[in-house]
Amino acid sequence: GENVEQHPSTLSVQEGDSAVIKCTYSDSASNYFPWYKQELGKGPQLIIDIRSNVGEKKDQRIAVTLNKTAKHFSLHITETQPEDSAVYFCAASRRGGGADGLTFGKGTHLIIQP
Amino acid sequence: GAGVSQSPRYKVAKRGQDVALRCDPISGHVSLFWYQQALGQGPEFLTYFQNEAQLDKSGLPSDRFFAERPEGSVSTLKIQRTQQEDSAVYLCASSEQGSYGYTFGSGTRLTVV
């Protein structure tokens with residue numbers, strides 16, 4: 001089955017700086033790669049996703065890049081703000097959220113220092 | 001409703017007790033998922049429904065775990081004879097047909113003592 005590795009487990013950055021979280025996956029048949037943000041006591045919230053037919057996607061301060069050959073994908077957050085502090089999870093699946101289950105990484109605790 | 005609703009929010013069970021966790025998905029969402037999230041870990045897939053059909057239950061850890069969605073809307077995850085290792089947050093998510101992303105509820109935190 002699929003295995004998703006996520007690094008780092010904790011990331012501390014100064015407010016206004018950029019943050020990068022990286023994930024690798026093992027199943028070459030995976031085609032859908034979402035990123036979720038989880039705040040304390042809440043369920044994960046989808047923040048951005050990418051499908052295998054594109055290499056990069058951007059939404060305001062958030063971007064995701066995908067390298068299918070190397071089987072890795074990354075989340076980039078620019079101009080970080082205090083409200084970006086949370087745990088971020090990457091995930092992968094073959095067909096996409098509505099048709100099969102996701103395999104998640106172990107998460108990155110992002111801390112934004114004021 | 002506006003989001004995925006799960007109840008109860010917290011459940012404390014004595015070892016050996018049976019529990020039932022409820023999920024109310026977003027109205028009209030065809031797909032429904034259950035995940036288990038241990039402390040400090042990512043969610044792990046348990047099972048998946050499309051309408052009332054359970055299409056994948058490969059993630060259920062043992063035959064003590066059972067899920068149903070009889071009318072294609074509300075779902076119940078039942079755990080029989082709870083063990084300490086069942087302590088976790090149980091997350092439910094739902095998705096529209098044809099959609100890639102899905103919406104999670106806030107989860108039920110189960111503590112087995």
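The values are calculated or read from the model by the stated rules, or taken from the named source; none is laboratory data. Just so it is clear, the model here is predicted, and its values are computed rather than measured. Every residue, glycine among them, receives a Cβ derived from its backbone with ideal geometry; neighbour counts consider all protein chains shown. Each accessible area value is taken on the protein alone, full model and side chains, heavy atoms only, with ligands, DNA and RNA left out. Shrake-Rupley method; radii C 1.70, N 1.55, O 1.52, S 1.80 Å.
Take each of the peptides B:100-109, B:78-87, average the number of other beta-carbon atoms within 10 Å over its residues, and list them starting from the highest.
Ranked from most to least packed, the peptides come out as B:100-109, B:78-87.
List the residues of segment B:40-80 that lose 40 Å² or more of accessible area once all protein chains are present, compared with their chain alone (1.4 Å probe, heavy atoms only, no ligands or nucleic acids).
B:Q41, B:P43
Quick one: pull the percent of accessible area on chain B belonging to carbon and sulfur, 1.4 Å probe, ligands and nucleic acids left out. Don't skip to the end; give the middle numbers.
Values: 2460 of 5580 Å².
Heavy-atom surface of chain B belonging to carbon and sulfur, 1.4 Å probe: 44 percent.
On average, how many beta carbons from a partner chain sit within 10 Å of the beta carbon of a residue in B:25-38?
2
Can you give me the Cα centroid spacing of segment A:30-50 and segment A:62-102 in angstrom?
Measuring centre to centre over Cα atoms gives 7 Å.
Between chains A and B, what is the buried accessible area in Å², counting both sides, with a 1.4 Å probe and ligands, DNA and RNA left out, to the nearest 100?
Using a 1.4 Å probe on protein heavy atoms, the buried area is about 1500 Å².
Going by average Cβ density within 10 Å per residue, which order do the peptides A:26-36, A:62-72 take, highest to lowest?
Top of the packing list down: A:26-36, A:62-72.
Relative to the compact globular guide of 2.2 N^0.38 Å, what is the alpha carbon radius of gyration of the protein assembly as shown, as a ratio?
Normalised Cα radius of gyration, the protein assembly as shown: 1.01.
Under unit Cβ charges (Lys, Arg +1; Asp, Glu -1), what dipole magnitude, rounded to 20 debye, does segment A:50-114 have relative to its Cα centre?
For this selection, approximately 420 debye.
Shielding by partners for A:60-70, please: the mean number of other protein chain Cβ atoms within 10 Å of each residue's Cβ.
0
Please report the relative contact order for chain A, taking Cα pairs under 8 Å with a sequence separation of at least 6, and give it as a percent rounded to a whole number.
It comes to 37 percent, rounded to a whole number.
Send over a whole-number figure in Å² for the accessible area per residue of the protein assembly as shown, probe 1.4 Å.
That works out to 49 Å² per residue.
How crowded by other chains is A:38-44, given as the mean number of beta carbons from other chains within 10 Å of each beta carbon?
That average works out to 6.
With a ≥ b ≥ c taken as the square roots of the eigenvalues of the C-alpha gyration tensor of segment B:34-108, please select rounded if a/c is under 1.5 and otherwise prolate if a/b is larger than b/c or oblate if it is not?
oblate
Go through segment B:86-113 and flag every residue whose accessible area shrinks by 50 Å² or more with all protein chains in place compared to the isolated chain (probe 1.4 Å).
B:Y100, B:Y102, B:F104
Any residues in segment A:76-114 that have 50 Å² or more less accessible area with all protein chains than in their chain alone, probe 1.4 Å, and which are they?
Checking the loss per residue gives A:G97, A:G98, A:F104, A:K106.
Among A:89-95, A:3-9, what's the highest-first ranking by average C-beta atoms within 10 angstrom per residue? Walk me through the numbers on the way to the answer.
Details: A:89-95: 23.1, A:3-9: 15.3.
Top of the packing list down: A:89-95, A:3-9.
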